[in-house]
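Novice: Here's a structure for you.
The values are calculated or read from the model by the stated rules, or taken from the named source; none is laboratory data. These numbers were taken from a predicted model, which means no experiment stands behind them. Neighbour counts run over all protein chains shown; Cβ positions are idealised from the backbone, glycine included.
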Amino acid sequence: MAAQDKAAQAGAADIEFTDQQQKYIDAPLDKHVYLRACPGSGKTEVVAAKVCKIIQEWNHHPSGIALLTFLNSATDELQSRVHKYLREPMGLPHYISTFDSFVLTHLLSSIASEITGFQGRDGDFRIRIIDKSADIYRTRIKICGRSVSACRYNYDKGSKRYVFSTNDRKWDNEANLAQQDEADQKALLTNKKRLWAAGFATYGDIDILALVGMQEEKFKDYFSRIARRFPLVIVDECQDLSAEQLLIVKRLSLLGVKFHFVGDLNQSIYGFRRSNPASVRRRMEELGFEEYVLNENWRSGQAVVDVCSNILQSDRVVGNPRIASVKPRVIEYQNCPSEVLPAIREMSLIHDSVVVVARGHTTLQRLRTGRAFEGIELLALACINLKAGRLTDIAQCLETFGKWLAARLKLQVTKAGPYCPMDIESKLAWRIFLHDGLQFLVEHGAGDGNQTWSDWARAAKITLGKLPDQTFVPVEVREHLEGLRGLNLRARSGQGKMLISERLTGVPDVAAKRDCLRFETIHGVKGETHDVTVVVSSQKPGVHQSHWKDWLRDRTSEAARFAYVASSRPKHVLIWAVKKLKAEDRLVLEGLGFELP
Amino acid sequence: MYLRTLDVQGFKCFGEPFSIELHDGLNVLVGENGAGKTGVVSAIRQLFNDSESGKRIISERDFHRGFGKDDVAAEEIKIQATFSGLDENDVIAFDTWCGNHAEAKLTFTALNQESRGRFKHHIYGGHEYNKAFETEKLDYVHCVYLPPLRDAETKLREGRQSRLARLLKALCRKDIEAARKARALHPLEQHVGDFNRQLSESDQFAIKAANQRIGDSLKAALGAHLSQGTMIQFSEVSFSRIVEGLRLLYFPDLSKADAAQFRALEENSLGYNNLLYIASILAELTYEADAGQGEKTYLRLLLIEEPEAHLHPQLQLRLLRHLKKAAEARGMQVIITTHSTVITAAVSVDHVIHLSNLNRPKAVPLRNCGLPTQSRQFVDRWLDATKSNLLFAKGTILVEGIAEAMVLPALAKIVLQPFGEGRNSLDDYGVSVINLGGIYFNHFMQLFCDVRAEHQGKNIPVRCSGLTDNDPPKSVIEDDGEDGQKSVPFLPHADNCIVGNNPALGLQKHIGLSEFARLFAGKYKTFEYDIAMEGNNLKTMLIVAAGLWEAQNGTVVKGLKADAKLDFAAMSSAQRAPYAGALLDRIDSDDIGKGIYAQAFADVLEANGAGFVVPVYIRQAILWACGLEEGAA
């Protein structure tokens, strides 16, 4: 983006903003505002400039503004941009963090124990956030034959029932369709309350608890005070707000807080976290948001921009006239998407950042190696990579080993750590153990790729059985490892006589291929700019919305938005990699603006 | 907003949980040495970043350790501050310290576990620990600490971060900001820059030539490649460096003196330098408050230990009045510790907090002693520098007049004699005799006990004896033996005494129920009379009177000397009464007077008090104040 390049060298004074951008920077602070920013419009730069202006002219100390995002990486990005402009970091009374962090720290923390009855742990009243990988506080009743952990369901106001989200999709579907009577709901709620009273909560729970607090009379003054503390809240990527978060926004606005929403409803792809762009639009209309528009795309050539507009059948957007407009292409594969890789690799000789984007991890894994890794393969992968000795891979090895241990031994873990059991205080101690443990396995031959799966499994099983007795195992960890003693480790069926190296080589060597291809999910590339983006469609439609037909079936669906977000990343070249097309399909894609083989 | 309560445990002398209640404005902490005054100030400093004396680091000695044989150091230090009186802005600024409450809390804990020379410590805001601490919030509190032994001269001296530099930077903050934004030089920088140029370019001063010489010499030594450029100038052209080079000069009074006549501070008096130092601190603090300038500050805390250091009483008074005014006018909370009776006399008891350390430290704000308004006003007016002694003593004896005040120490020597050398005077027990100048026990004793049932309050945990007279009517009506009545002087004795008219007598019973106070009243009549009625005391007392009578050769003296030869010890109480009455008349007469008599009497007792019998009520008062039991010797 032209403006962005300039910004790389200079401070705010040297940036020239377009009329559209300047209009927002000058927008009033005493009204709700929605800045609709199409991809590549320089949104981050504009928001940083606006925030900088607000801070420099601010005279309502000790009140301040809150700048909220949805990802820690986004927070870091904005923080460093603002720092660059202001020449000092954003400090009190202003506040920048994720939306979740804001709700937890500023809305809920001080009153949490009053709402949940949590008695604190030794005077420590901090709430521990856990996600569905934990399995604590299970219901006393059975839902579809199982007792469910309180971390794996949330109440949905829309459908007025509890929605389950465990790691078993099949069971989830069954349970979410099954009948849920009053007794069930009461039991589910009671179980949740037990979780909260013990000082735990999921992020979804935090929103709900905050809403509970906002409805109680006794906290009225407390929330009024918060409204005075943050009279202006800017929310970046507002399309990702969940229903509960929108309700929190409404309640705060009733107390006088003004909101600036910044984002693009067309880029809402967090449906799995229950954010719905239609609800966001409804809420903005209800609260009277004034719309400002940034619809000049500085990132991409016009042809790419037009294809994106066609995917959603949305308004025309102006592309960057200084970027050569190259018509987006379609590349076909016969059986497996990995067939297109050689052609893509050639492109990477000309262009710098070439990214391959796919809807899900499975497709991505297929691209890399033809099939995803599971179970015992993960353990072998971790060992082999550790033996290979590349420092950059160690973190990944530890995470893989941790994940395997957690699954195999059914440990209660927090995702951070990685996969650190909840009762172990020091994450550092856990990581050291993971490393020592893997090292132990490698020393006993588990890192050698030149053996068959059967041989490897036999050796690994014996070594793992000895693991709990090793001196490097910390006392708190020891008891968790008991399950390794009688462990049964077997090669996957039909693979027993295969060499490990056959299966596991071809794993991307990060160091060597750093300047070649990147493989990412759509969520992973949000906000990025690439030179070339290859969007990979799965072989069959209807499974997890990873086929291009799913994307085009309903222009208002999330599937369409997936395609939109992925396709709006490239500066120069957009490629869709699809399974061999039928004649009528070719027409559809041509109509969208693609050049076909 | 102000610091209302401080709770300390495990820190320095505070083994058991200790709590002290402060109030907005001026707080004066008094108490004898070792009571915990400095401990309180140190605890407050531990919470905040002190802009004058720097951050306080926890050391091993800060963990409380009792003096018992098996006592070990405390495992944890906990210091918690509660802030009250927050207005709208304060509540927003300290939102996380308040949570859902009206008051803000800040807690500091430290564990007695040393790691790399430092002790693990933790600080959090709010009524419970429920989120990470925003250290920037501490900048909203401006805390300044002045230690007791101040080197004002060094502090006022020029140099990095000198007082002057800080004050000037604070005063010019907005201008400096504006200049920086416009990327221009501040007028002061401009001026000095020009002056520098003048100095180095003009041929009039030797500076240009000196520069040349130095430069040439360096080049010759190092060669053009390695040589550095040098320049002699007044100062670097930066606001900070310029003001750091400024020096404060003084002139002894406010008369019009030429700038050249002002002198360096090294020549100034120690006391005045101290005043200048404190004045410069106040200037910075009050400027901040007035102009709403500089860093946003919501609480100003000024901690001064012994402000009276280096100052004579009149200056102490002036300083204190100024501190009080500054505290009230500009929303500053001032906490001082003092040993000066001048200072305590100058403030209302409402501002005074008494600290003691009998078996554990205790803080008693005098405003909580249950003084009814009238008593408080009385005490405020009458608590002068001498009476203020009662705030620092280990025990007090309150008396009605100068006579008792002078004689009592001598009588005490007689009473305490059995306890041996080093324990036989009031001084040895830290007991002060306070002359109330009247029968004002009901006002002053309220500090030590609940004088009446309806005046409930806290008590200063220090023993207090009140000493008062029985004061029966001076005369009674008798039959004159002729069917008439006449008025006869009433001389009480062991078989004939009535309860007197002294209003204080009615307080005795209730005071006697308290833990620390007792009111002792004479049995018979007045101080001198009651003493005269015991044993052979009249002998000594008559001789003293004789020595003081004007007409040394007259009949009065002769009579006194003759009476002195009598054996009073053998007489009955009724027989002594008339002699005692006569003695009283002599003492009260114009020739002698109570004051003169008391002085002479005290001298005689000091010289030789053997055999002198001290009346029971006086004896009890002395033993009570000294914390001794009857027969304990």
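Novice: Determine which member of the set A:I208, A:I234 is in a helix (DSSP H, G or I) and either within 30 Å of A:H32 (Cα to Cα) or among the hydroxyl-bearing types (S, T, Y) (or both).
Specialist: Numbers: A:I234 fails: in a helix (DSSP H, G or I).
Matching residue, one of A:I208, A:I234: A:I208.
Novice: Moving to a separate point now. So how many residues does region A:164-194 have that are in contact with a strand residue (DSSP E or B) (Cβ under 6 Å, 6 or more places away or on another chain) and touching a residue at least 40 places away in the same chain (Cβ under 8 Å)?
Specialist: Selection size over region A:164-194: 1.
Novice: Does B:L398 meet the test of being in contact with a strand residue (DSSP E or B) (Cβ under 6 Å, 6 or more places away or on another chain), more than 19 Å from B:V614 (Cβ to Cβ) and of a type in the set (A, V, I, L, M, F, W, C)?
Specialist: On the way: in contact with a strand residue (DSSP E or B) (Cβ under 6 Å, 6 or more places away or on another chain): yes; more than 19 Å from B:V614 (Cβ to Cβ): no; of a type in the set (A, V, I, L, M, F, W, C): yes.
In short, no.
Novice: Can you find even one residue in region B:611-625 that is outside any helix (DSSP H, G or I) and over 19 Å from B:G522 (Cα atoms)?
Specialist: Looking through region B:611-625, at least one residue is outside any helix (DSSP H, G or I) and over 19 Å from B:G522 (Cα atoms).
Novice: Take the residues in region A:82-131 that are over 24 Å from the mean Cα position of the chain (by Cα), in a helix (DSSP H, G or I) and under 24 Å from A:I55 (Cβ atoms); name whichever of them is nearest to the other protein chains (Cβ to nearest Cβ). First the steps, then the outcome.
Specialist: Keep residues of region A:82-131 that are over 24 Å from the mean Cα position of the chain (by Cα), which gives A:83-94, A:109-126.
Restricting the remaining residues to those that are in a helix (DSSP H, G or I) gives A:83-86, A:109-116.
Narrowing the set further to residues that are under 24 Å from A:I55 (Cβ atoms) leaves A:83-86.
On the way: A:H83: 15, A:K84: 17, A:Y85: 14, A:L86: 12 Å.
The residue in question is A:L86.
Novice: Going through region A:478-495 one residue at a time, which ones are surrounded by 14 or more Cβ atoms within 10 Å (Cβ to Cβ) and either polar (S, T, N, Q) or without any contact (Cβ under 8 Å) to a residue 12 or more places away in the chain (or both)?
Specialist: Hits for region A:478-495 are A:R478, A:Q495.
Novice: Which helices (runs of 4 or more DSSP H) sit wholly inside region B:172-252 and have at least 3 residues that are of a type in the set (K, R), over 30 Å from B:S269 (Cβ atoms) and out of contact with any strand residue (DSSP E or B) (no Cβ under 7 Å at 6 or more places or on another chain)? Step through it out loud before you land on a result.
Specialist: Numbers: elements: B:173-181, B:187-201, B:207-226, B:239-244.
Once the helices (runs of 4 or more DSSP H) in region B:172-252 are filtered for at least 3 residues that are of a type in the set (K, R), over 30 Å from B:S269 (Cβ atoms) and out of contact with any strand residue (DSSP E or B) (no Cβ under 7 Å at 6 or more places or on another chain), what remains is B:173-181, B:207-226.
Novice: Please go through region A:25-47 and give me each residue that is within 30 Å of A:A566 (Cβ to Cβ) and touching a His at 6+ places or on another chain (Cβ under 9 Å), ordered by number. Write out each step before concluding.
Specialist: Quick first cut of region A:25-47, residues within 30 Å of A:A566 (Cβ to Cβ) only: A:25, A:33-47.
The answer is A:V33, A:Y34, A:L35, A:V47.
Novice: Go through B:Q212, B:Q161, B:Q190 for me and flag whichever is over 46 Å from the mean Cα position of the chain (by Cα) and either within 18 Å of B:L248 (Cα to Cα) or surrounded by 13 or more Cβ atoms within 10 Å (Cβ to Cβ) (or both). Break it down into steps so the answer makes sense when it comes.
Specialist: On the way: B:Q212 fails: either within 18 Å of B:L248 (Cα to Cα) or surrounded by 13 or more Cβ atoms within 10 Å (Cβ to Cβ) (or both); B:Q161 fails: over 46 Å from the mean Cα position of the chain (by Cα).
B:Q190 is the lone residue from the list that is over 46 Å from the mean Cα position of the chain (by Cα) and either within 18 Å of B:L248 (Cα to Cα) or surrounded by 13 or more Cβ atoms within 10 Å (Cβ to Cβ) (or both).
Novice: Output the residues belonging to region B:462-484 that are modelled with pLDDT of 80 or more and not in a loop (DSSP other than H, G, I, E, B).
Specialist: Residues satisfying the conditions are B:R463, B:C464, B:S465, B:G466, B:L467, B:T468, B:S475, B:V476, B:I477.
Novice: A further question follows. Would region A:334-341 turn up any residue that is in a strand (DSSP E or B) and closer than 30 Å to A:V534 by Cα?
Specialist: Step one: of region A:334-341, the residues in a strand (DSSP E or B) are none.
The answer is no; no qualifying residue exists.
Novice: Just name the residue that is farthest from B:Y129 (Cα to Cα) out of those in region B:79-96 that are within 13 Å of chain A (Cβ to nearest Cβ) and under 32 Å from the mean Cα position of the chain (by Cα). Full working, then the answer.
Specialist: Of all residues in region B:79-96, those within 13 Å of chain A (Cβ to nearest Cβ) come to B:80, B:86-96.
Right, trim to under 32 Å from the mean Cα position of the chain (by Cα) and you get B:80, B:86-87, B:90.
Numbers: B:Q80: 12, B:L86: 21, B:D87: 24, B:D90: 20 Å.
Checking each candidate, the answer is B:D87.
Novice: Considering only residues that are among the aliphatic types (A, V, I, L, M) and surrounded by 12 or more Cβ atoms within 10 Å (Cβ to Cβ), look in region B:236-256 and name the one that is farthest from B:D175 (Cα to Cα).
Specialist: Applying the filter and picking the extreme gives B:L249.
Novice: Quick one: in region B:100-145, which of the residues that are among the aliphatic types (A, V, I, L, M), more than 20 Å from A:H106 (Cβ to Cβ) and in contact (Cβ under 8 Å) with a residue 40 or more places away in the chain is nearest to the other protein chains (Cβ to nearest Cβ)? Step through it out loud before you land on a result.
Specialist: Pass one, region B:100-145, residues among the aliphatic types (A, V, I, L, M): B:102, B:104, B:106, B:110-111, B:123, B:132, B:138, B:141, B:144.
Checking which are more than 20 Å from A:H106 (Cβ to Cβ) leaves us with B:110-111, B:141, B:144.
Filter once more, keeping what is in contact (Cβ under 8 Å) with a residue 40 or more places away in the chain: B:110, B:141, B:144.
Values: B:A110: 14, B:V141: 13, B:V144: 21 Å.
This residue is B:V141.
Novice: From A:S253, A:S275, A:S224, grab the single residue that is within 14 Å of chain B (Cβ to nearest Cβ) and at negative phi. Full working, then the answer.
Specialist: Values: A:S253 fails: within 14 Å of chain B (Cβ to nearest Cβ); A:S275 fails: within 14 Å of chain B (Cβ to nearest Cβ).
Checking each option against the conditions leaves just A:S224.
Novice: Give me the residue from region A:485-518 that is in contact with a Lys or Arg (Cβ under 9 Å, 6 or more places away or on another chain) and within 23 Å of A:G389 (Cβ to Cβ) and, out of that set, modelled with the highest pLDDT.
Specialist: Among residues in region A:485-518 that are in contact with a Lys or Arg (Cβ under 9 Å, 6 or more places away or on another chain) and within 23 Å of A:G389 (Cβ to Cβ), the one modelled with the highest pLDDT is A:R503.
Novice: Another question, if that's okay. Exactly one of these conditions fails for A:L232: (1) away from chain B (no Cβ under 14 Å); (2) in contact with a strand residue (DSSP E or B) (Cβ under 9 Å, 6 or more places away or on another chain). Give me its number.
Specialist: Of the numbered conditions (1) away from chain B (no Cβ under 14 Å); (2) in contact with a strand residue (DSSP E or B) (Cβ under 9 Å, 6 or more places away or on another chain), the odd one out for A:L232 is (1).
Novice: Would you mind telling me which numbered condition in (1) more than 14 Å from B:G126 (Cβ to Cβ); (2) away from chain A (no Cβ under 14 Å); (3) touching a residue at least 24 places away in the same chain (Cβ under 8 Å) B:E76 fails?
Specialist: The single condition B:E76 does not satisfy is (2).
Novice: If you check B:A165 against the conditions, is it in a helix (DSSP H, G or I), touching a Gly at 6+ places or on another chain (Cβ under 9 Å) and away from chain A (no Cβ under 13 Å)? Give the derivation first.
Specialist: Numbers: in a helix (DSSP H, G or I): yes; touching a Gly at 6+ places or on another chain (Cβ under 9 Å): yes; away from chain A (no Cβ under 13 Å): yes.
The answer is yes for B:A165.
Novice: Here are some residues: A:N167, A:N154. Which one is of a type in the set (S, T, N, Q), loosely packed, with under 14 Cβ neighbours inside 10 Å and under 22 Å from the mean Cα position of the chain (by Cα)? Step through it out loud before you land on a result.
Specialist: Working: A:N154 fails: loosely packed, with under 14 Cβ neighbours inside 10 Å.
Going through A:N167, A:N154 in turn, the sole match is A:N167.
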